[in-house]
1. Might you check whether a residue that is in contact with a Lys or Arg (Cβ under 6 Å, 6 or more places away or on another chain), outside the structural domain of M31 (by TED's automatic domain parsing) and either of a type in the set (S, T, Y) or in a strand (DSSP E or B) (or both) occurs anywhere in region 108-116?
2. Under the condition of being part of a strand (DSSP E or B) and touching a Gly at 6+ places or on another chain (Cβ under 8 Å), which residue from region 161-175 is surrounded by the most Cβ atoms within 10 Å (Cβ to Cβ)?
3. Give region 54-71 a look and list any residue that's surrounded by 14 or more Cβ atoms within 10 Å (Cβ to Cβ) and touching a residue at least 40 places away in the same chain (Cβ under 8 Å), or say none.
4. Given the criteria outside the structural domain of M31 (by TED's automatic domain parsing), without any contact (Cβ under 8 Å) to a residue 24 or more places away in the chain, in contact with an Asp or Glu (Cβ under 8 Å, 6 or more places away or on another chain) and closer than 26 Å to G61 by Cβ, does K144 qualify?
5. Among the residues of region 80-100, which ones are over 15 Å from V46 (Cβ atoms) and in contact with a strand residue (DSSP E or B) (Cβ under 9 Å, 6 or more places away or on another chain)?
6. Take G51 and tell me if it is exposed (fewer than 14 other Cβ atoms within 10 Å of the Cβ), outside the structural domain of R184 (by TED's automatic domain parsing) and under 21 Å from V186 (Cα atoms).
7. Out of (1) modelled with pLDDT of 95 or more; (2) buried (at least 18 other Cβ atoms within 10 Å of the Cβ), what's the single condition that is false for E82?
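The values are calculated or read from the model by the stated rules, or taken from the named source; none is laboratory data. Quick caveat: nothing in here was measured; it's all calculated off a predicted structure. Methodologically, a virtual Cβ is constructed for each residue, glycine included, from the backbone with ideal geometry; neighbour enumeration extends over all protein chains shown.
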Amino acid sequence: MMTDTAPEQNEAHQNDSLGLQDAWETAAHLMAPGPAAPLLSLVAPVVQDIGLELLRIRMTGQDGEQVLQIMADRDEGMITVEDCERISRAVSAVLDVEDPLKGQYILEVSSPGMARPLCRPKDFIRWAGFEAKLELSRAFDSRKRFRGMLTGFEDGEVLMDVPLDGHDEAPTLGFKFEDISEARLVVNDEMIADALKRQKGKNGD
């Protein structure tokens, strides 16, 4: 006997997929810059199906060969070597079928590390309270590089407390998400302590 739960589950899964696709498209300029852009719609769903999240794709050249670099993430815990191997096998299978790359290529899969890139709106929310560096494609107040404390993401803008001359306290500035060409966390004592805490939780100590 067929129940009516399956259509609801399928609809929920489709809605989740559409929501993630919108998120990928919104963050494409950071998640898959330049020549990696056409690969985003192929790779992101594969990583998602494994139960992980795509953080960034990059295409680079090395000794005349293309190098496809995939960086994956998870909401809680750390990416393991086994996770990277699963992603590598799954992505390789899709690329073999779709054949989007011409010529030889090397596939590299990694975890973000402590100086992680920030590529999606959710990254700026998740890491609020930590120090970060931003580089802009268009100047903001005659500057393109900023460093400060992340405070969140709101109305399409990354919010950051930035120390400025003439201010006793760092004012909160809003940077348009589409104007950010690169963003990453700054490694400091607080970041190291957080990484050790995550590793301890992973080991179950």
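1. No.
2. Going through the qualifying residues, I end up with L173.
3. Answer for region 54-71, where residues must be surrounded by 14 or more Cβ atoms within 10 Å (Cβ to Cβ) and touching a residue at least 40 places away in the same chain (Cβ under 8 Å): L55, R56, Q66, V67, L68, Q69, I70, M71.
4. yes
5. Across region 80-100, there are no qualifying residues.
6. Here the answer is no, as G51 does not meet what is asked.
7. (2)
Listed here are the residues, each with its yes/no results for (1) of a type outside the set (D, E); (2) in the same structural domain as A170 (by TED's automatic domain parsing); (3) outside any helix (DSSP H, G or I).
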position	(1), (2), (3)
L55	yes, no, yes
M59	yes, no, yes
M71	yes, no, yes
E76	no, no, yes
R86	yes, no, no
V94	yes, no, no
